[in-house]
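I have placed the structure first, in the form of structure tokens, so that the comments after it can refer back to it.
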Amino acid sequence: MSIQPDKEPSLDEILKSFDAAPAVTDADLMRLADANRKLDEDPAFLTEVQEAMVANQLRAALETSGESQVSLAKRWGKTRQYVSKLLSEKLTNYTLETITYAAYYLGLRVSVKVHRPGEVVVVKSAARIAGGYYSSVRPLKPLGLPTTATLSTPSSFECLTLLNYDSPAGDAEKRPLAA
Amino acid sequence: MGDLMSVNSKVDTTKGLLEVPGLDVASQFAWKIRLLRINDKSLALASLSGWERNANDEYRKISKVMRIVGTSNLPPRRPHVGKSDKYDVYEMIGDNARLLFFYDKTARVVVCTNSYEKNSSTDQGTAFGLCERLRQEYVKWPPQQRIP
């Protein structure tokens, strides 16, 4: 069945396209589950994911700041090609120093945490208010606030507060920091 | 009991959302990744299964992007994710493989709908059009149908 690009398909056409999809067997599902588990146990794959995520965050920060790669390279004392390669993930085997400097020149900080499989690291902002420390999940905009990271599990409260996707900075959850 | 029956009678059991087999919960802490199922079939699941079986490099790249999407609050940028110029739908980018999806911001779910491959009979515009049409259908579903 062909669907014309300039015309959104009708419901009937959609149903036909689903009917025509190959059936996925239980054996296929088991194979997919096994493949995903193997990927999560492959350090080379985990490195690829981390490198991509770091570069993605740096690209996002640069876009948010409105600065050009040329300007960033000049302030950092690097060539534009170097910055371009770093942000486009063509520069591999860079050091922690490299991303720390890149983040620094974008007004950000890098926090590396080692954690157990199944745990996630949540970035929070911290402020001292009325004699006690309060924390909030970092608002998505603007970037560049001082941040700390903490260990958490996906089911914990910290992760739930991360769901405040569109909340402005002032509305973020405020509660005492754990000792 | 009567109330339960009336709720269940509104749920079409042939459509809903499927989990990605074996995808770690920690890789989905910002957005749950789910596969759209209609008529008990899932185009996205069929594509993942096909790539895993026949194009392992593609499967690996799409799996990598899936983890980036699931842990990034904002939509990632290229080279991993592309956005349609016309619609509010996105694509996870492999070498030639593309897995299309949209965000359900209410349920915090990324809904993977369909796929296409570069140099195949399906082009990007067609695939984005189908994804958008599936999004329009999805938002009409009752909330209990959209439980991830």
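Rule-based calculations on the coordinates, nothing more; no lab input. Nothing here was measured: the structure is a model prediction, and the numbers come from that model. When we count neighbours, we look across all protein chains shown, and the Cβ atoms used for this are built from the backbone with ideal geometry, even at glycine.
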A chain fully extended from A:THR64 to A:TYR104 at 0.36 nm per residue, minus the present Cα-Cα distance, gains in nm 12.9 nm
Sorting A:SER65, B:SER49, B:SER42 on the 10 Å Cβ count, fewest up front, what's the list? A:SER65, B:SER49, B:SER42
CD proxy, 222 nm, chain B: helix-only mean residue ellipticity via -39,500 (n - 2.57) per DSSP H run with n ≥ 4, per residue, nearest 500, stands at -11500 deg cm²/dmol
Given labels modelled 7 Å from the Cα in the Cβ direction, how far is it in nm from A:THR92 to A:ASP26? 4.0 nm
Can you list the aspartates and glutamates whose alpha carbon is less than 19 Å from that of A:LYS78, not counting same-chain residues fewer than 8 positions off? A:GLU63, A:GLU67, A:GLU89, A:GLU97
Within 10 Å of each Cβ in B:78-90, how many Cβ atoms from other chains are there, averaged over the peptide? 1
Amide H neighbours of B:ASN114 under 5 Å, at least 5 residues apart or on other chains, H built in the peptide plane: list them. B:LEU100
With 0.36 nm assigned to each residue of separation and the Cα-Cα distance removed, A:THR79 to A:LYS16 gains 17.3 nm
Using Cβ counts within 10 Å as a stand-in for footprinting exposure, how do B:ARG77, A:ARG116, A:ARG75, A:ARG37 rank, fewest first? A:ARG116, A:ARG75, A:ARG37, B:ARG77
Quick check: convex hull over the Cα atoms of chain B, volume per residue in Å³, rounded to an integer? 118 Å³
What does the C-alpha gyration tensor say about the overall shape of the range B:67-146? Classify as rounded when a/c is under 1.5, otherwise prolate if a/b is larger than b/c, or oblate. oblate
Distant alpha-carbon pairs in the range A:9-110 (separation over 15 angstrom), percent: 71 percent
Each label sits 7 Å from Cα toward the beta-carbon; between A:LEU46 and A:ALA33 the label points are separated, in nm, by 2.2 nm
Between the modelled labels at B:LYS83 and B:THR14 (7 Å from Cα along Cα→Cβ) the distance in nm is 3.6 nm
For A:31-41, what's the mean count of beta carbons from other chains sitting within 10 Å of each residue's beta carbon? 6
Order of A:SER10, B:SER121, B:SER47 under a 10 Å beta carbon neighbour criterion, fewest first: B:SER121, A:SER10, B:SER47
Residue separation between B:ASP95 and B:ASN56 times 0.36 nm, minus their alpha-carbon distance, gives in nm 12.9 nm
Taking the Cα atoms only, what angle lies between the long axis of helix B:43-54 and the longest principal axis of chain B, rounded to 10 degrees? 40 degrees
